[in-house]
Amino acid sequence: MTDIEFNLIDEPWVRVMQQDCSVREVSLRDAIVYAHEYRGLGGELPTQDVAVLRLMLAVLHTVFSRVDAEGNADNSDKDNEQWAKTRWQSLWERGCFSEKAIDDYFAKWHERFWLFHPERPFGQVAGLDDVEPDKSVYQAAKLNGAISQSGNKERLFPYCTGKNKTELSYSHAARWLLYVNAFDDNNVAKHKNQDISAGKEKAGVGWLGKLGLIYLVGNNLFETLMLNLIMINQRIIQSEQKPVWERDTVPTRENNKVLLPKNLAELYSMQSRRMILQRKNDAVISYKILGGDFFDKENALFEPMTVWKLAKDKKTYIPKEHDPRKQMWREFAALYDGTEKQRAGVVYWFQYLYEMIDGSSPLRTAVCSIAYGTQQCVVDNVFSDSLQMHSALLSDFGENFRADIENEIKKCEEVANSIGKFALNLYIASGGSDDPKNNSALQAKETAQAQLYYRLDMPFRNWLMGINPDTMENTLKPIGNWRKTVRAIALQYANEQAANASDGALVGHMKSNNRYFSVPQAMLIFKADLKRIYGKEGDAS
């Protein structure tokens, strides 16, 4: 093995999905230059794809803040909104990224993209091998985020087995290096070393692990990159970019609290971890890791790939994490409306540039996040979802349509609460406890609600795609049709539950509060609730 090996610019490691949906590995250079030929990224996890996407965006922000769409030097005035708008539009209309622009930049910074290098390994800290104690060393199975297995406990059903579990190819390791830097759990011991000093606070989980990630997806990888290439973020024009690989020295301080970056290339390339990959026989077998750069998540509104919510103090904004139990459309209002401070920067930017794109094309929004376990020291779940709708819904003209959609989602919540109450009444009618805090009662209620949402999921997505503000005066007819659909699905499910009820539930039970519970009575209450929520069937008023 040589000290200098595997350059990310030249070597294939980025997994892309081709037009026939097959997946192949390409170099970072080719992934950007030929982005228009690929459907999108095709990594092992959606969270890994986001980590790679942000690296590519850091490159693009840096390159096209310095040269124009054709790769020529740009000496224009960059401190105005018109520059940002014109630069983005010229890139979008070109349909692909300039080979000259990308090659010129990578030629200048080629030395900084070696995965293995004695002084500047990409995304790592040279000399970290000397840091003690060895508790900071993890095996390849921990680096592989699809397994995320520590040395303390073996997974019964691992994603990989045999050699593929104990070692990683360089291309494989490069992807997971980005992932761990972005999403690493909180199980990082704090160390002190004469060469790597430590801050007083711990970095916590990786920065992206603290967010409810949201990004936009286009018809190909080029469009996906462009839709997330935000030229004006939090009213700051992105004309000056400082990615971490351009620094003269690598940040080495452990658990290093920093100021929130004000340029996206620096934010997207921030190193939440101090890492070094360890290799043997041309494979990565382990890695050493310490806490890296971090900043407070409160009011970090410059981060554009998350929705924000008010904290308990009603003054501070914090990232709104996704609830893995909820379908994405149930958070429609939080994702697409709200104040400027609450909306994700990518959504706000899309609404700003809407007039520059073909509004007739559908827009897909994707979300993903990680659910951590005990003290955020283990990964319990990786969650992802996406939602497709007409782009015009996010235009100013679509505001009233969005309000109607949000109102129908609220009504779905009322129906779900009602079906939960119905299931609870059936449980009591069968002889169960009428204590609403009883675990079995709660389970019956929550299971019924989850099942209803499951049955409404695809119908809602299809209904949403049928709403196009460009061809409709209002949503009166679509709403009427949707309400008929909800009523039919909810009644069918209620009838199934009633049919499966016990004979005892049909007869019913009298409880201590002199209330009588039976299947017929529960059904009457449920139908009354539907009438209260929707009025006459098909009435959109």
>> Just to verify a number: FRET efficiency for GLU298 and ASP380, C-beta to C-beta distance, R0 = 25 Å, to 0.05?
In response: 0.55
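Rounded to the nearest percent, how much of the accessible area of the chain (1.4 Å probe, protein heavy atoms only) is carbon and sulfur?
47
State the three equivalent ellipsoid semi-axes of segment 227-323, derived from the C-alpha gyration tensor as the square roots of 5 times its eigenvalues, in descending order and whole Å.
Value: 29, 18, 14 Å, ordered largest first.
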>> Residues of segment 235-279 with the amide nitrogen closer than 20 Å to a label point 7 Å from the Cα of HIS110, along Cα-to-Cβ, please.
In response: 245-247
> What is the spread of the Cα atoms of segment 345-428 along each of their three principal axes, largest first, in whole Å?
Replying inline: 56, 38, 17
> GLU413 to LEU310: extension gain in nm, 0.36 nm per residue of separation minus the Cα-Cα distance?
Replying inline: 34.9 nm
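Could you state the orientation-averaged shadow area of the convex hull built on the Cα atoms of segment 288-421, in nm² to one decimal?
11.4
Where does the chain land on the Kirkwood hydrodynamic radius, alpha-carbon pairs, in angstrom?
Every distinct Cα pair counted, the radius reaches 25.8 Å.
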> In whole angstrom, how long is each semi-axis of the equivalent ellipsoid of segment 196-271, when you take the square root of 5 times every eigenvalue of its Cα gyration tensor and sort them from largest down?
Replying inline: 27, 16, 12
> If the label point is 7 Å along Cα→Cβ of GLU340, which residues in segment 270-311 have backbone nitrogen under 20 Å from it?
Replying inline: 299-311
> Once the other residues with Cβ under 15 Å from the Cβ of ASN80 are scored (Lys, Arg +1; Asp, Glu -1), what is the net sum?
Replying inline: -1
>> So if each residue of separation counts as 0.36 nm, and I subtract the Cα-Cα distance between GLU5 and GLN492, what length gain in nm does that give?
In response: 169.1 nm
> For segment 15-88, what is the largest minus smallest coordinate of the Cα atoms on each principal axis, given in angstrom and ordered from greatest to least?
Replying inline: 43, 23, 18
> Do you know the relative contact order of the chain, to the nearest whole percent, from alpha carbon pairs under 8 angstrom that are 6+ apart?
Replying inline: 13
> Listed here are the pairs LYS297/LYS437; LYS100/LYS257; LYS257/LYS288; LYS262/LYS326; LYS309/LYS536; LYS262/LYS410; which of them are more than 26 Å apart at the Cα?
Replying inline: LYS297/LYS437; LYS100/LYS257; LYS262/LYS326; LYS309/LYS536; LYS262/LYS410
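On average, how much accessible surface per residue is there in the chain, in Å², for a 1.4 Å probe, leaving out ligands, DNA and RNA?
45
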> Ranked from highest to lowest mean number of other Cβ atoms within 10 Å per residue, what is the order of the peptides 22-29, 118-125?
Replying inline: 118-125, 22-29
> Given the Cα-Cα distance of ASP323 and GLU119 and 0.36 nm per residue of separation, how much length would full extension add, in nm?
Replying inline: 69.3 nm
> Using a simple spin-label model with points 7 Å from Cα along the Cα→Cβ vector, what separation in nm is obtained for SER90 and ALA126?
Replying inline: 3.7
> What ³J(HN,Hα) values, in whole Hz, does the Karplus curve 6.51 cos²θ - 1.76 cosθ + 1.60 give for segment 370-377 when θ = phi - 60°, with x put for Gly and Pro?
Replying inline: 10, 9, 8, x, 3, 6, 6, 9
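The values are calculated or read from the model by the stated rules, or taken from the named source; none is laboratory data. Values in this document were obtained by computation on a predicted structure and should not be read as measured data. Cβ: placed from backbone, ideal geometry, glycine included. Neighbour counts: every protein chain shown. In case anyone asks, the SASA skips ligands and DNA or RNA and just uses the protein heavy atoms, side chains included. Shrake-Rupley method; radii C 1.70, N 1.55, O 1.52, S 1.80 Å.
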